[in-house]
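The values are calculated or read from the model by the stated rules, or taken from the named source; none is laboratory data. Bear in mind the structure is a predicted one, so any value in this text is a computation, not a measurement. Neighbour counts are summed over all protein chains in view; Cβ atoms, including those assigned to glycine, are modelled from backbone coordinates with ideal geometry. These accessible areas exclude ligands, DNA and RNA; they are computed on the full protein's heavy atoms, side chains included. Shrake-Rupley method; radii C 1.70, N 1.55, O 1.52, S 1.80 Å.
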Amino acid sequence: MRLSRYFLPVLKENPAEAQIVSHRYMLRAGMIKQQAAGIYSWLPLGLKVLRRIEAIVNEEQERAGHIPLLMPTLQPADLWRESGRYDDYGQEMLRIKDRQDREMLYGPTNEEMITDIFRSHVSSYKDLPLTLYHIQWKFRDEMRPRFGVMRGREFLMKDGYNFDVDKAAALHAYNRHMVSYLRTYERMGLTAIPMRAASGPIGGDNTHEFLVLAQTGESEVFYDDRVTSLTLGQREIDYDDRTQVADVCKEFTTLYARTDETHDQAVFDQVPEAHRKVGRGIEVGQIFYFGTKYSDAMGAEVTTAEGTKVPVEMGSHGIGVSRLLGAIIEASHDDKGIIWPEGVTPFPVGIVNLKQGDSAADAACEGLYKALAAKGLEALYDDRDERAGAKFATMDLIGLPWRITVGPRGLANGVVELTSRRTGVSEEMSPESAVDRIAQIYAGV
Ligand code: ATP
Ligand code: MG
């Protein structure tokens with residue numbers, strides 16, 4: 001993308017309404033625009049990151065054997081009357097009437113609808129296990145929408161629902177979600193710690209929230225700081241292997257890590273003092289096992305191998321896709337702007353032409369742009385007729401992890417400069433080597 005033709009409405013001033021750094025940088029970098037309280041347009045740069053995050057979520061869900069579908073945002077109230085939640089949900093639910101005076105709602109979550117789909121089409125244990133998920137907009141009329149995309153009213157969520165014949169199979173689905181979520185967050189450059197949580201209006205006993213540590217987080221968290229160094233890394237996971245998957249979960253949930261809702265001071269006091277930490281965290285996901293709560297209420301039954309009919313065992317599992325942009329920025333920025341991890345960056349690399357109009361510099365930039373594209377890497381090429389300082393400031397603000405700087409002086413010696421946004425370290429090299437280095441870096445992402 002050539003910056004001269006792009007739509008990147010960068011703000012020079014700090015927007016007064018933004019209280020936390022991620023909200024400030026998302027507005028300043030021209031990623032989002034607020035349209036009403038907690039409701040945002042996604043401008044091109046923001047949309048690119050959102051799509052990257054969605055892509056990672058999809059890849060990891062499909063790797064775990066979970067199947068994508070797409071349910072609508074609007075739902076009939078009657079489905080929610082079956083579970084009893086139409087009355088229970090309260091003011092967070094946005095209720096709408098259509099022209100026939102039929103009661104509708106903008107979905108805050110999809111347990112009822114997915115249970116309806118299931119009961120319409122599945123009736124035998126032979127069709128299980130089954131996990132269906134979608135990535136769809138939700139609406140919750142939050143009391144205090146704030147912090148930009150962190151607590152929106154309209155927000156994008158991945159929500160997945162498992163259907164299993166018995167509790168053991170459903171708990172395996174729960175574990176599978178935990179492991180797939182760990183991998184998902186790691187690919188986004190995040191450390192998200194599974195913490196034992198309390199179940200809210202969805203109900204159920206077995207639940208973990210995934211928290212990214214950040215001073216600006218809304219949850220108070222208590223943890224043994226050795227959990228922060230656990231990583232899944234590149235290890236091979238066989239998602240059908242119940243023991244292997246359960247062992248990974250055990251590894252990640254044995255050290256103390258809880259939110260204020262489930263915190264137990266007496267147990268926490270057993271953690272060696274040097275490792276006992278209290279902090280704040282951002283909830284970027286949650287998994288639940290809730291058994292037959294919805295299948296009982298809505299008559300979703302399956303026939304077992306023995307020929308009896310049982311209500312199907314279920315769980316639901318969510319990732320805050322749009323909130324993740326904020327969480328990643330909270331975890332990865334400096335005073336000049338965002339620092340995107342390679343996994344989610346809107347563009348893998350920026351090209352800064354120090355002297356637009358200089359024929360050698362222009363030609364070198366064009367050459368780099370095309371060579372990168374040939375390797376499947378879309379550069380953001382700042383081809384505007386601007387001062388170098390302004391170009392650097394924009395690149396630093398929008399946070400591309402790598403920048404190639406091209407100027408007549410370097411070119412006279414056959415070199416360009418490759419700079420890491422994270423470390424600030426620059427290296428001179430030939431344009432070809434710069435392209436190879438970038439390609440190498442992204443080959444592993
Ligand atoms: P919270 O406690 O933050 O209100 P929740 O527990 O009600 O969230 P879940 O039902 O667990 O939310 O939804 C799954 C995920 O969706 C959450 O872990 C969070 O990352 C995201 N999410 C929930 N509410 C919002 C919101 N208002 N804006 C953006 N993301 C949200
Ligand atoms: Mg939650």
With Cα springs under 10 Å, the Gaussian network model of the chain assigns the largest mean-square fluctuation among 64, 192, 374 to 374
In vacuo Debye sum over C-alpha of region 349-443, base-10 log of normalised intensity I(q)/I(0) at q = 0.12, 0.15, 0.19 Å⁻¹, listed in q order, is -0.31, -0.50, -0.83
Taking region 117-265, the equivalent ellipsoid from its C-alpha gyration tensor has semi-axes in Å, biggest first, of 26, 22, 15
Rounded to the nearest 5, the percent of antiparallel DSSP beta bridges in the chain equals 85 percent
The correct ranking of 109, 228 by accessible area at 1.4 Å, largest first, is 228, 109
Once normalised by the length of region 248-333, the mean sequence separation of its alpha carbon contacts under 8 Å that are 6 or more apart gives a contact order in percent of 25 percent
Under a 1.4 Å probe, counting only protein heavy atoms, residue 400 has an accessible area in Å², nearest 10, of 10 Å²
Per the C-alpha gyration tensor (a ≥ b ≥ c, the square roots of its eigenvalues), region 1-126 is rounded if a/c is under 1.5, else prolate if a/b beats b/c, else oblate; here it's oblate
Counting only DSSP beta bridges with both partners in region 349-443, the antiparallel fraction in percent, to the nearest 5, comes to 50 percent
In Å², rounded to a whole number, the accessible area per residue of region 26-125 with probe 1.4 Å is 48 Å²
With +1 at each Lys and Arg Cβ and -1 at each Asp and Glu Cβ, the charge dipole magnitude of the chain around its Cα centre, to the nearest 20 debye, comes out at 1280 debye
Largest-first ranking of 62, 111 by accessible area, probe 1.4 Å, whole protein assembly kept, is 62, 111
Lys and Arg at +1, Asp and Glu at -1: neighbours of residue 259 with Cβ under 13 Å from its Cβ sum to -4
Residues whose built amide H sits under 5 Å from the amide H of residue 239, excluding neighbours closer than 5 in sequence, are none
Rounded to the nearest 10 Å², the 1.4 Å probe accessible area of residue 196 is 120 Å²
The pairs in 370/391; 12/33; 12/370; 138/336; 167/293; 138/250 lying past 22 Å Cα-Cα in this model are 12/370; 138/336; 138/250
In deg cm²/dmol, rounded to the nearest 500, the helical mean residue ellipticity at 222 nm of the chain, built from -39500 (n - 2.57) for every DSSP H run of length 4 or more, is -10000 deg cm²/dmol
Under a 1.4 Å probe, counting only protein heavy atoms, residue 421 has an accessible area in Å², nearest 10, of 20 Å²
Most packed first (mean Cβ within 10 Å per residue), the peptides 52-58, 95-101, 34-40 order as 52-58, 34-40, 95-101
Dividing the mean separation of Cα pairs under 8 Å (6+ apart) by the residue count of the chain yields a relative contact order in percent of 16 percent
Taking placed amide H atoms and a strict 5 Å upper bound, the residues 5 or more places from residue 333 or on another chain that come that close are 339
One computes Rg over Rh for region 3-338 from alpha-carbon atoms, with the Kirkwood Rh, and obtains 0.97
Once Lys and Arg are counted +1 and Asp and Glu -1 for all other residues with Cβ under 11 Å from that of residue 116, the total becomes -3
